[in-house]
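Remarks on the structure that follows.
The values are calculated or read from the model by the stated rules, or taken from the named source; none is laboratory data. Everything numeric in this text was worked out from a predicted model, so none of it was measured. With ideal geometry, Cβ positions are generated from the backbone for all residues, glycine too; neighbour counts draw on all protein chains shown. Heads up: the accessible areas ignore ligands, DNA and RNA and are worked out on the full protein's heavy atoms, side chains in. Shrake-Rupley method; radii C 1.70, N 1.55, O 1.52, S 1.80 Å.
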Amino acid sequence: MSALEPGNDTAALRALLQRPDIDLVACFCAAWCDTCREYRPKFDALAARTPAAAFAWVDIEDHPELLGEEEVENFPTLLVQRAGRTVFYGPMLPHIGHLERLLDTLGPDNAAVATGLPDVRALLTA
(Lines give C-alpha, C1' and ligand atoms only; values in the text may rest on other atoms or scores of the structure.)
Protein backbone atom coordinates (compact mmCIF):
# COMPACT_ATOMS: atom_id res chain seq x y z
CA MET A 1 0.00 0.00 0.00
CA SER A 2 1.25 3.50 -0.81
CA ALA A 3 1.46 6.29 1.73
CA LEU A 4 -1.95 7.63 2.70
CA GLU A 5 -2.93 11.28 2.64
CA PRO A 6 -5.13 12.99 5.23
CA GLY A 7 -8.25 14.18 3.48
CA ASN A 8 -8.00 11.81 0.51
CA ASP A 9 -7.45 8.65 2.58
CA THR A 10 -8.92 9.62 5.95
CA ALA A 11 -10.97 6.44 6.40
CA ALA A 12 -8.04 4.14 5.58
CA LEU A 13 -5.69 6.09 7.88
CA ARG A 14 -8.24 6.03 10.68
CA ALA A 15 -8.75 2.27 10.34
CA LEU A 16 -5.01 1.53 10.42
CA LEU A 17 -4.16 3.90 13.24
CA GLN A 18 -6.89 2.59 15.52
CA ARG A 19 -4.84 -0.61 15.73
CA PRO A 20 -2.34 -0.28 18.60
CA ASP A 21 0.18 -2.58 16.85
CA ILE A 22 0.55 -0.20 13.88
CA ASP A 23 3.33 2.42 13.90
CA LEU A 24 2.86 5.82 12.31
CA VAL A 25 5.48 7.09 9.85
CA ALA A 26 4.53 10.55 8.61
CA CYS A 27 6.37 12.65 6.06
CA PHE A 28 5.68 16.37 6.31
CA CYS A 29 6.02 17.86 2.85
CA ALA A 30 4.78 20.58 0.50
CA ALA A 31 3.32 20.23 -2.98
CA TRP A 32 5.64 22.90 -4.37
CA CYS A 33 8.80 21.16 -3.09
CA ASP A 34 10.85 19.42 -5.81
CA THR A 35 12.65 17.32 -3.19
CA CYS A 36 9.31 16.09 -1.86
CA ARG A 37 8.07 15.18 -5.35
CA GLU A 38 11.25 13.14 -5.93
CA TYR A 39 11.06 11.50 -2.49
CA ARG A 40 7.37 10.50 -2.70
CA PRO A 41 7.72 7.41 -4.97
CA LYS A 42 10.45 6.01 -2.72
CA PHE A 43 8.38 6.71 0.40
CA ASP A 44 5.40 4.97 -1.25
CA ALA A 45 7.56 1.95 -2.12
CA LEU A 46 8.81 1.70 1.47
CA ALA A 47 5.22 1.95 2.69
CA ALA A 48 4.26 -0.96 0.45
CA ARG A 49 7.09 -3.06 1.95
CA THR A 50 6.29 -2.18 5.57
CA PRO A 51 2.88 -3.52 6.61
CA ALA A 52 3.51 -2.92 10.33
CA ALA A 53 3.24 0.85 9.84
CA ALA A 54 0.81 3.38 8.48
CA PHE A 55 2.70 5.76 6.21
CA ALA A 56 1.16 9.22 5.92
CA TRP A 57 2.08 11.89 3.39
CA VAL A 58 1.11 15.21 4.99
CA ASP A 59 1.15 18.41 2.97
CA ILE A 60 1.86 21.05 5.60
CA GLU A 61 -0.08 23.71 3.71
CA ASP A 62 -3.20 21.55 3.45
CA HIS A 63 -3.00 20.23 7.03
CA PRO A 64 -1.29 22.79 9.29
CA GLU A 65 -3.35 21.53 12.25
CA LEU A 66 -1.12 18.44 12.30
CA LEU A 67 1.88 20.62 13.12
CA GLY A 68 0.39 22.82 15.82
CA GLU A 69 3.04 25.44 16.64
CA GLU A 70 5.88 23.37 15.17
CA GLU A 71 7.71 24.77 12.11
CA VAL A 72 8.94 22.62 9.24
CA GLU A 73 11.99 24.26 7.71
CA ASN A 74 13.54 21.35 5.79
CA PHE A 75 12.05 18.64 3.64
CA PRO A 76 11.50 15.86 4.20
CA THR A 77 10.70 16.14 7.88
CA LEU A 78 9.68 12.80 9.35
CA LEU A 79 7.71 11.66 12.37
CA VAL A 80 7.78 8.11 13.71
CA GLN A 81 5.38 7.13 16.48
CA ARG A 82 5.61 3.68 18.01
CA ALA A 83 3.71 2.18 20.93
CA GLY A 84 1.96 5.44 21.76
CA ARG A 85 5.03 7.66 21.78
CA THR A 86 7.11 9.70 19.37
CA VAL A 87 10.47 8.02 18.82
CA PHE A 88 11.73 10.25 16.00
CA TYR A 89 10.88 13.70 14.70
CA GLY A 90 13.08 15.80 12.48
CA PRO A 91 14.45 16.47 9.02
CA MET A 92 16.20 13.69 7.18
CA LEU A 93 18.24 13.63 4.01
CA PRO A 94 15.97 12.58 1.12
CA HIS A 95 17.56 9.16 0.73
CA ILE A 96 15.04 6.44 1.54
CA GLY A 97 17.82 4.21 2.87
CA HIS A 98 18.22 6.57 5.82
CA LEU A 99 14.56 6.08 6.78
CA GLU A 100 14.82 2.32 6.24
CA ARG A 101 17.82 2.13 8.59
CA LEU A 102 16.09 4.30 11.16
CA LEU A 103 13.01 2.08 11.17
CA ASP A 104 15.20 -1.03 11.46
CA THR A 105 17.02 0.38 14.50
CA LEU A 106 13.98 1.54 16.44
CA GLY A 107 12.97 -1.01 19.03
CA PRO A 108 10.25 -1.31 21.65
CA ASP A 109 12.45 0.31 24.28
CA ASN A 110 13.35 3.51 22.44
CA ALA A 111 12.82 6.58 24.56
CA ALA A 112 10.23 9.12 23.57
CA VAL A 113 11.46 12.38 22.07
CA ALA A 114 9.93 15.72 22.96
CA THR A 115 8.30 17.73 20.19
CA GLY A 116 6.01 20.70 19.91
CA LEU A 117 3.64 18.64 17.77
CA PRO A 118 0.06 17.96 18.76
CA ASP A 119 -0.97 14.30 19.04
CA VAL A 120 -0.76 13.60 15.30
CA ARG A 121 -2.06 10.05 15.60
CA ALA A 122 -5.12 11.20 17.55
CA LEU A 123 -5.81 13.95 15.02
CA LEU A 124 -5.59 11.49 12.14
CA THR A 125 -8.00 9.07 13.85
CA ALA A 126 -10.55 11.70 14.91
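Heavy-atom surface analysis with a 1.4 Å probe gives the chain a carbon and sulfur content of 53 percent of its accessible area. Rank 14, 49, 40 by mean-square fluctuation in a GNM of the chain with C-alpha springs under 10 angstrom and give only the top-ranked residue. Among 14, 49, 40, the largest mean-square fluctuation in the Gaussian network model of the chain belongs to 49. For the range 61-126, GluC sites (Glu not before Pro) meeting the loop criterion (DSSP other than H, G, I, E, B) and having at most 12 other Cβ atoms within 10 Å: 61, 69, 71, 73. In a fully extended conformation the segment linking residue 112 and residue 5 would gain 36.0 nm over its present Cα-Cα distance, using 0.36 nm per residue. Rounded is the label for the chain, because the ratio a/c of its alpha-carbon gyration tensor axes (a ≥ b ≥ c) stays below 1.5.
A cysteine counts as unpartnered when no other cysteine's C-beta lies under 4.7 Å of its own; in the chain this applies to 27.
When both bridge partners sit in the range 9-125, DSSP labels roughly 60% of those beta bridges antiparallel. Taken per residue, the accessible surface of the chain reaches 51 Å², heavy atoms only and a 1.4 Å probe.
How big is the charge dipole of the chain about its Cα centre, in debye rounded to the nearest 20, if each Lys and Arg gets +1 on its Cβ and each Asp and Glu gets -1 on its Cβ?
About 500 debye.
Ranking 53, 93, 122 by how far each Cα lies toward the positive end of the dipole of the range 23-126 (charges on Cβ) leaves 53 at the top.
From its DSSP helices (H runs of at least four residues, each -39,500 (n - 2.57)), the chain gives a residue-normalised ellipticity at 222 nm of -9500 deg cm²/dmol.
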